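The values are calculated or read from the model by the stated rules, or taken from the named source; none is laboratory data. Predicted, not measured: the structure shown is a model, and the values here were computed from it. Cβ placement follows ideal geometry from the backbone for every residue including glycine, while neighbour counts extend to all protein chains displayed.
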Amino acid sequence: MDIAFRDRFLTLWKKYFNNAELPITFYYTDKEPDAKPAKDVSKSNCIFSALVKVREGKSLYFDTQSVKCFGGKRYLGYTTKIRPDFEYFLSCGIPDKMQGERYVKTPEMVQEITKNTPKFTAPGKFIVFKRWDKLETNDDSDVVIFFAIPDVLSGLFTLARFDETDRGAVQTPFGSGCASIVQNPYLEKASEHPKAIIGMFDPSARPFVPMDVMSIAMPMKKFVKMVDNMEESFLITDSWQKIQLRIG
């Protein structure tokens with residue numbers, strides 16, 4: 001991490017977003033992380049339980065052993081397999097055996113969705129999550145993740161497409177909470193015009209965030225451009241200042 005860039009963003013964030021929550025980041029590595037194991041603080045199989053602590057400033061890491069949720073393993077890249085009953089789990093369930101999540105109408109629709117869902121393999125043994133202000137020189141972050149209230153999300157959405165002509169420069173693909181903050185934005189790294197991903201629509205993950213908070217995540221190379229654009233964007237206008245007054 002370029003420490004000058006880290007600090008520059010902190011200054012600009014304070015200038016235009018007041019005391020809004022800082023983003024967190026993640027990167028993959030094979031080196032022993034300078035962070036604590038997430039399993040020591042997690043109170044649930046869902047990774048978002050531990051990420052509450054990251055948002056508070058505690059640096060944590062996961063590996064294949066500490067990600068207990070089957071979906072979490074897949075969307076963090078620790079397996080490409082899906083649970084055998086996944087089409088029933090995500091839809092209507094199996095009578096007298098399993099209550100389905102009912103996020104998709106039929107098992108057949110789940111199968112079709114699964115065929116078109118991307119896969120990836122974690123490029124390192126560990127995935128390390130840190131809040132932005134905790135980043136150090138040796139942290140090479142892949143993705144930046146904001147947990148944002150609507151006014152802040154509005155600003156980040158508009159900034160993410162400020163220098164793009166593609167109306168789909170920000171997307172909301174269907175998927176789990178961890179897919180929206182890890183897999184989808186990570187895969188955007190390879191794109192010439194990477195997209196930002198809005199997420200946290202997953203009812204299973206929502207209990208771990210406040211009721212007025214969503215997520216928006218983007219690969220680092222897109223985030224760098226967003227920061228570079230801040231002081232020539234809508235953020236310097238009276239329109240934004242009216243909204244900024246409402247941000248704590």
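Scan the range 167-185 and give yes if some residue there is farther than 28 Å from VAL104 by Cα, out of contact with any helix residue (DSSP H, G or I) (no Cβ under 8 Å at 6 or more places or on another chain) and charged (D, E, K, R), otherwise no. Looking for residues that are farther than 28 Å from VAL104 by Cα, out of contact with any helix residue (DSSP H, G or I) (no Cβ under 8 Å at 6 or more places or on another chain) and charged (D, E, K, R), one finds none in the range 167-185, hence no. Mind checking which pairs have a first residue in the range 223-248 that is free of Cβ contacts under 8 Å to residues at least 12 places away in the same chain and over 17 Å from ASN18 (Cα atoms) and a second that is surrounded by 10 or more Cβ atoms within 10 Å (Cβ to Cβ) and small (Gly, Ala, Ser), Cβ under 9 Å, 6 or more apart or different chains? Hits for this filter: zero, empty list.
Considering (1) under 17 Å from the mean Cα position of the chain (by Cα); (2) not in a helix (DSSP H, G or I), the lone condition that ARG74 does not fulfil carries the number (2).
Yes/no matrix, rows are residues, columns are (1) among the charged types (D, E, K, R); (2) surrounded by fewer than 13 Cβ atoms within 10 Å (Cβ to Cβ):
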| position | (1), (2) |
| --- | --- |
| THR11 | no, yes |
| TYR27 | no, no |
| ASP30 | yes, yes |
| PRO33 | no, no |
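It is to be established whether one or more residues within the range 49-59 are farther than 30 Å from GLU87 by Cβ, modelled with pLDDT under 95 and not in a loop (DSSP other than H, G, I, E, B). Checked the range 49-59: no residue is farther than 30 Å from GLU87 by Cβ, modelled with pLDDT under 95 and not in a loop (DSSP other than H, G, I, E, B). The helices (runs of 4 or more DSSP H) found wholly in the range 97-214 and carrying at least 3 residues that are in contact (Cβ under 8 Å) with a residue 24 or more places away in the chain, over 16 Å from the mean Cα position of the chain (by Cα) and surrounded by 13 or more Cβ atoms within 10 Å (Cβ to Cβ) occupy 107-115, 150-160. Just one residue in the set SER191, SER215 is within 17 Å of VAL144 (Cβ to Cβ), hydroxyl-bearing (Ser, Thr, Tyr) and modelled with pLDDT of 95 or more; that residue is SER215.
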